[in-house]
Amino acid sequence: MRTLRTALRESLLILAAAVFLALAYGAITQKGLFSRPQGVSLSSGKGVSGTPETITVEVARGLFESGRAAFLDVRNELSFREGHIRGAMHVGLEDLPLEINFLRALSAEKVLVPYCDGAECHSSVEFGRRLYALGISGVKIFFGGWEEWTASGLPTEKSSP
């Protein structure tokens with residue numbers, strides 16, 4: 001009986017340590033329970049101080065239907081190939097320095113709308129911030145991204161390998 005109590009106590013101690021480490025990791029990396037895009041007010045739909053505006057799926061749809069937007073899929077290339085907003089271009093965060101001149105020229109004609117997977121992905125916010133910091137003001141972040149777009153049944157397409 002004493003061995004069982006000891007084993008139970010040690011198991012609980014290991015479990016508590018694992019939970020603590022998981023929470024600490026989440027807090028440090030701002031993932032999991034601690035994830036949220038910094039500097040973006042999703043309730044008002046407007047960015048704050050140096051952050052582009054975030055838009056809803058309804059606004060994204062309006063921009064799509066009007067043809068006034070260039071949708072920038074900032075997810076990984078495999079996700080993009082498996083499906084993306086119809087007409088979207090794949091531009092990863094790491095590609096931004098290579099594509100900045102193209103994006104500057106494109107922003108003269110269209111609103112740039114970066115998106116990723118949805119609320120769990122903040123790459124679109126980071127991408128939008130970087131564009132904004134580089135002086136491209138015609139940026140609207142579609143934070144709901146791929147998840148909201150597909151849930152709304154809006155046009156998508158796949159890329160061939």
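Bear in mind these aren't lab numbers, they're just calculated from the coordinates by the rules spelled out. Computed from a predicted model, the values in this text were never measured in an experiment. Neighbour counts are summed over all protein chains in view; Cβ atoms, including those assigned to glycine, are modelled from backbone coordinates with ideal geometry.
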Long-range HN-HN contacts of residue 83 with modeled amide H, under 5 Å: 159
Would you work out the charge dipole size for segment 40-157 about its Cα centre, treating the Cβ of every Lys and Arg as +1 and the Cβ of every Asp and Glu as -1, and quote it to the nearest 20 debye? 440
³J(HN,Hα) computed for each position of segment 152-158 - Karplus, 6.51 cos²θ - 1.76 cosθ + 1.60, integer Hz, glycine/proline x: 8, x, 7, x, 10, 7, 10
What Kirkwood radius, in Å to one decimal, follows from the Cα pairs of segment 119-161? 12.0
Sequence-distant residues sharing a close amide H with residue 142 (under 5 Å, placed H): 55
Which order, highest average first, do 96-107, 2-13, 60-71 follow once you tally other Cβ atoms within 10 Å for each residue and take the mean per peptide? 60-71, 96-107, 2-13
Give me, ordered by chain and number, the residues 5 or more places off residue 156 or on other chains with an amide H under 5 Å from its own placed amide H. 86
Over segment 58-161, consider all pairs of different Cα atoms and compute the Kirkwood hydrodynamic radius from their mean reciprocal separation; express it in Å, one decimal. 13.4
